[in-house]
Amino acid sequence: MTLNVGLSEAGDVIGTNFKNLTQEFEKQHPNVKVDVQAKDFASSLSTIKLVMSGDNPPDLMQGNSGWSIDGALWKAHLIANLDPYAQHYGWFDKFPDSALVVNRFSADGKTLGEGNLVGLPQAIQYVGVFYNKRLLDQLGVTDPTTLDKAGLIASLDKAKAAGMTPVMLGDSDKWPALHNLSLFNGWYVPAAQINQWVFNRTGSNYDDAGHLKGSTDFQDWMANGYFNKDALATSFSDATARFGKGEAPYFITGTWALGDVEKALGNDAGFMLFPAGASGTHEAVGGYSLPWTMSTKSKNPACAGQLLDFITTSSAAVDAQIASGRPSATKAGADAQISDPLLTQMVQQYKKLSDDKGLFTWEDWPTPTMLQYMGSQAQLLLGGQLTPKAYNESIQKNWSDYMATR
């Protein structure tokens, strides 16, 4: 028996550890072969709907929470209701509710955050700031984790004065800039307010004073030379590699890059939260890794469910996530022993974020077209072709147009 599996995660380290995990499953189940078909996130996004609607889709596919991918696949009856598997394998007890609620859709496909479970994540992840200790030492910045907003910007000016690119960004894939922008929004908009908008709560608004300040700051950072000049033409993987080669002291991205960054920089790698805004509260966008879904066309759903349980909840799965530089999404993962110093630092920062109740979810979720639309509009914003106000108005219009169809 062969199970076909579509991997969409970013990063070589995550991919290698996932394949090792499936090989362990094969050892325990000699009659099963797991064929892993890996794509980078941007490539997967562009083909996933076509692949899942085909005659022979992967049995398990790593999609994306929200309306643009998993919501569309659920409404088209292309991914399965996982509630029976959750009951059988005890996922309701093994995962915190926060990991499951973001992967639920109502039976009629009209509501996100309630109803049927359609996806299951492997890991916790969120967006923060990787830094190069060696480069910051050269600038006289000894502990960037203590920097406030003004202190961070002062360190960017020091980097510019020293002839460095302060912050590495690669947005040719049209999603990394969105994660950067969300952190700027977190300087001015409470996390709970952002979540209301993401979950389609009536009366929510992106075109407000706080988001305008965030969009303005983001565009100003590009105009001020804080990002690399070729950011819009640089891929995420190339940006990760260039940061690893010491081309910038800072790299703002998700914790999914931790394994690759640590592999490149070793002990020179550090990780911190984006500094708190005026409220004093640290905020960040994130939550959980790309969720695994099951095709309704799977010829071996029972075995696919067994594999899904193994790659998410087994002790081997918990260890694989730690080896990839991120904690498991399971309750057991929260108690797992971690010896790696960079991962330990990331977990400590996550606890600070949780204490501040500053985690909000991905702002590209709330409509079926938001991910692609917001990604393209953000490029225009960074390139100076859209004003911050025009950008925010366009994003809110996309949201409002979708709300009118519900």
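The values are calculated or read from the model by the stated rules, or taken from the named source; none is laboratory data. The model shown is predicted, which means the values in this text are computed figures rather than measured ones. Note: ideal-geometry Cβ built from the backbone for every residue, glycine included; neighbour counts use all protein chains shown.
Against the definition (of a type in the set (D, E, K, R), more than 18 Å from the chain's Cα centre (by Cα) and closer than 18 Å to Gly286 by Cβ), how does Asp356 come out, yes or no? Yes. Being out of contact with any Phe, Trp or Tyr (no Cβ under 7 Å at 6 or more places or on another chain) and either hydroxyl-bearing (Ser, Thr, Tyr) or at pLDDT 95 or above (or both) is a description that does not apply to Ala332. The residues of the stretch 280-334 that are surrounded by fewer than 22 Cβ atoms within 10 Å (Cβ to Cβ), farther than 17 Å from Leu7 by Cα and among the charged types (D, E, K, R), listed by number, are Lys297, Lys299, Asp319, Lys331. Put simply, of Thr312, Thr281, Thr240, Thr253 the only residue that is in a helix (DSSP H, G or I), assigned by TED's automatic domain parsing to the domain that holds Lys158 and of a type outside the set (Asp, Glu) is Thr240. From the list Leu60, Leu78, the lone residue that is in contact with a strand residue (DSSP E or B) (Cβ under 6 Å, 6 or more places away or on another chain), surrounded by 22 or more Cβ atoms within 10 Å (Cβ to Cβ), outside the structural domain of Ile153 (by TED's automatic domain parsing) and touching a residue at least 24 places away in the same chain (Cβ under 8 Å) is Leu60. When Leu169, Leu147 are checked against the criterion of being surrounded by 21 or more Cβ atoms within 10 Å (Cβ to Cβ), assigned by TED's automatic domain parsing to the domain that holds Ala231 and touching a residue at least 24 places away in the same chain (Cβ under 8 Å), Leu169 stands alone in meeting it. Would you check which residues across the stretch 1-21 are under 24 Å from Ser295 (Cβ atoms) and β-branched (Val, Ile, Thr) and list them? Result: Thr2, Val5, Ile14. Confirm whether Lys174 is outside any helix (DSSP H, G or I), touching a residue at least 40 places away in the same chain (Cβ under 8 Å) and not assigned by TED's automatic domain parsing to the domain that holds Asp40. Considered against the rule, which asks whether it is outside any helix (DSSP H, G or I), touching a residue at least 40 places away in the same chain (Cβ under 8 Å) and not assigned by TED's automatic domain parsing to the domain that holds Asp40, Lys174 comes out as yes.
Of the helices (runs of 4 or more DSSP H) contained entirely in the stretch 57-164, those carrying at least 3 residues that are under 27 Å from Met370 (Cα atoms) and under 23 Å from the mean Cα position of the chain (by Cα) fall at 72-75, 97-101. Residues in the stretch 244-274 that are over 18 Å from Glu9 (Cα atoms) and in contact with a Gly (Cβ under 7 Å, 6 or more places away or on another chain) were compared, and the one that is surrounded by the most Cβ atoms within 10 Å (Cβ to Cβ) is Phe271. Scanning the stretch 3-53 for residues that are at pLDDT 95 or above and assigned to a loop (DSSP other than H, G, I, E, B) yields His29, Pro30, Asn31, Val32. Need the failing condition index for Trp292 against (1) in contact with a Gly (Cβ under 8 Å, 6 or more places away or on another chain); (2) aromatic (Phe, Trp, Tyr); (3) modelled with pLDDT under 95, just the number. Exception for Trp292: condition (3). Quick check on Phe199: is it modelled with pLDDT under 95, over 20 Å from Phe41 (Cβ atoms) and assigned by TED's automatic domain parsing to the domain that holds Glu393? So Phe199 passes the test. Taking every residue in the stretch 286-310 that is in contact (Cβ under 8 Å) with a residue 40 or more places away in the chain and pairing it with any residue that is acidic (Asp, Glu) and surrounded by fewer than 24 Cβ atoms within 10 Å (Cβ to Cβ), at least 6 positions away or on another chain, the pairs with Cβ-Cβ distances below 9 Å are Ser289/Glu9; Leu290/Glu9; Lys297/Asp55; Phe310/Glu24.
Of Val51, Val36, all but one fail to be out of contact with any His (no Cβ under 6 Å at 6 or more places or on another chain) and over 24 Å from Ser172 (Cα atoms); the exception is Val36. Of all residue pairs spaced 6 or more apart or on separate chains, those with beta-carbon atoms under 6 Å, a first member in the stretch 343-367 that is outside the structural domain of Leu73 (by TED's automatic domain parsing) and aromatic (Phe, Trp, Tyr) and a second member that is assigned to a loop (DSSP other than H, G, I, E, B) and crowded, with 20+ Cβ neighbours inside 10 Å are Trp365/Gly66. Selection over the stretch 335-358 of residues that are outside any loop (DSSP other than H, G, I, E, B) and either surrounded by fewer than 14 Cβ atoms within 10 Å (Cβ to Cβ) or not basic (Lys, Arg) (or both) gives a count of 14. Of all residues being within 24 Å of Ala276 (Cα to Cα) and assigned to a loop (DSSP other than H, G, I, E, B) in the stretch 200-215, which is nearest to the chain's Cα centre (by Cα)? Just the residue, please. Within the stretch 200-215, the match that is nearest to the chain's Cα centre (by Cα) is Tyr206.
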